[in-house]
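Trainee: Structure incoming, see below.
Nothing in this text is a laboratory measurement; each read-out follows from the coordinates by a stated rule. Since the model is a prediction, treat every value here as computed from it, not as a measurement. Methodologically, a virtual Cβ is constructed for each residue, glycine included, from the backbone with ideal geometry; neighbour enumeration extends over all protein chains shown.
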């Protein structure tokens, strides 16, 4: 039996899921008393997206009287995962809750519940599970808590509950003052309140904390500086960021876009090409170069830039052609 399971594992690693199923199915037909083989078969079904079959295997295992309590708990954990993958969120929550009633420190269940409760916008329970998971793993979970508070703030803001959103962001920043997403969300909240300068101050914190995330806020910074009549200050900010980190592509591309908007196309092209010199396959740089050249009226060169973008997408397997069906 162990040999069949090992061979099935090799088949899975080689991508032969049908062969793995054939081996496992034959194994349970020869000996139906091995719950580990059923658990492996159910996991295989879920991996192939056959959630219904996985659910049936796990449920049947849980009903068998000849299965140990440990295997029954593994089947319950698997069933919860099946429900989660199948989109049955409330059933997944109920199953995972049953798991942690039996295994209070089960990390897989705690992690899944934290995400599921956030998905259904039950943030107090999501935060509780996040704290329990951090304690179970012996680590600091404040950053995960801060991210959940940011999600909570976004949900409240979308529903027009601005004071609640503000309180949630304050809690996020108390738990992690260096979380760029929280400062970004705070900027959006301040704009909604008509506090343009406070929004600007919040968004300026983002590049200081997370250069990768900063690409998301540069358009907002540019618009806010422009609204205040301080577009040159925006460019000065970008140049200062580049001085401290010359290889920051997001800041350089943001500067290129600002220069292009002011009509300084040659300088804009130079900034974009500097990014491409560092990374010839930088997708945003190819796209920015095409737009800058197009705005400048250099249609042939812009076509070449967009063609280079398409070539890069194709090399990375990101360009999938549509297949027309009759």
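Trainee: Quick one: order 288, 33 by neighbouring beta-carbon count within 10 Å, fewest to most.
Mentor: Numbers: 288 26, 33 11.
Ranked by crowding around the Cβ, least crowded first: 33, 288.
Trainee: Based on C-alpha coordinates, I'd like the Rg and Dmax of the chain, in Å.
Mentor: 26.5, 79
Trainee: While we're on this one: If we count other beta carbons within 10 Å of each Cβ, what is the order of 260, 244, 265, fewest first?
Mentor: Ascending Cβ contact count within 10 Å gives the list 244, 265, 260.
Trainee: On to the next question. Separation of segment 124-153 and segment 38-110 by C-alpha centroid, Å?
Mentor: So the two Cα centres are separated by 24 Å.
Trainee: In Å and from the alpha-carbon atoms only, list the Rg and Dmax of segment 77-132.
Mentor: In Å, with Rg to one decimal and Dmax whole: 9.9, 26.
Trainee: Helix 218-227: angle to the longest alpha-carbon principal axis of the chain, degrees 0 to 90, nearest 10?
Mentor: 40
Trainee: On a 0 to 90 degree scale, rounded to 10, what angle separates helix 89-102 from the longest Cα axis of the chain?
Mentor: Helix 89-102 and the main axis of the chain meet at about 60 degrees.
Trainee: Can you give me the relative contact order of the chain as a percent, contacts being Cα pairs under 8 Å and 6 or more apart? Please list the in-between numbers first.
Mentor: Values: 374 pairs, mean separation 18.9, N = 326.
Relative CO of the chain lands at 6 percent.
Trainee: Given labels modelled 7 Å from the Cα in the Cβ direction, how far is it in nm from residue 239 to residue 267?
Mentor: Between residue 239 and residue 267, the simple spin-label model gives 0.7 nm.
Trainee: Let me ask you something else. What is segment 140-229's relative contact order, in percent, from Cα pairs under 8 angstrom and six or more apart in sequence? Could you put the intermediate results ahead of the total?
Mentor: Values: 100 pairs, mean separation 20.1, N = 90.
This gives 22 percent for segment 140-229.
Trainee: Helix-only mean residue ellipticity at 222 nm, the chain, DSSP H runs n ≥ 4 weighted -39,500 (n - 2.57), per residue, nearest 500. What is it? Intermediate results must be reported in sequence, preceding the final value.
Mentor: Working: 19 runs with 256 residues, N = 326.
Computed mean residue ellipticity for the chain: -25000 deg cm²/dmol.
Trainee: Oh, and also: Would you mind estimating how fast segment 140-229 diffuses translationally, via Stokes-Einstein at 4 °C and 1.567 mPa s with the Kirkwood radius over Cα pairs, in µm²/s?
Mentor: Details: Rh = 13.0 Å.
For the chosen part, D equals 100 µm²/s.
Trainee: Additional query: Show me the ranking of peptides 300-312, 125-137 by mean Cβ neighbours inside 10 Å, starting with the highest. Could you put the intermediate results ahead of the total?
Mentor: Numbers: 300-312: 15.5, 125-137: 18.8.
My ranking of the peptides, most packed first, is 125-137, 300-312.
Trainee: Rounded to two decimals, what is the ratio between the C-alpha radius of gyration of segment 36-83 and 2.2 N^0.38 Å?
Mentor: In units of the globular-protein estimate, segment 36-83 measures up at 1.00.
Trainee: Given a 10 angstrom Cα cut-off, can you work out which residue in 187, 86, 297 is the most mobile in a GNM of the chain?
Mentor: With Cα springs under 10 Å in the chain, the top fluctuation among 187, 86, 297 is at 297.
Trainee: Separate question: State log₁₀ I(q)/I(0) for segment 214-326 at q = 0.12, 0.16, 0.17, 0.24 Å⁻¹ as given by the Debye formula over alpha-carbon point scatterers of equal weight, solvent excluded.
Mentor: At q = 0.12, 0.16, 0.17, 0.24 Å⁻¹ the computed log10 ratios are -0.46, -0.75, -0.83, -1.33.
Trainee: Also, I was wondering about something else. Output the 0 to 90 degree angle, nearest 10, between the alpha-carbon long axis of helix 265-278 and the longest principal axis computed from the alpha carbons of the chain.
Mentor: Approximately 40 degrees, to the nearest ten.
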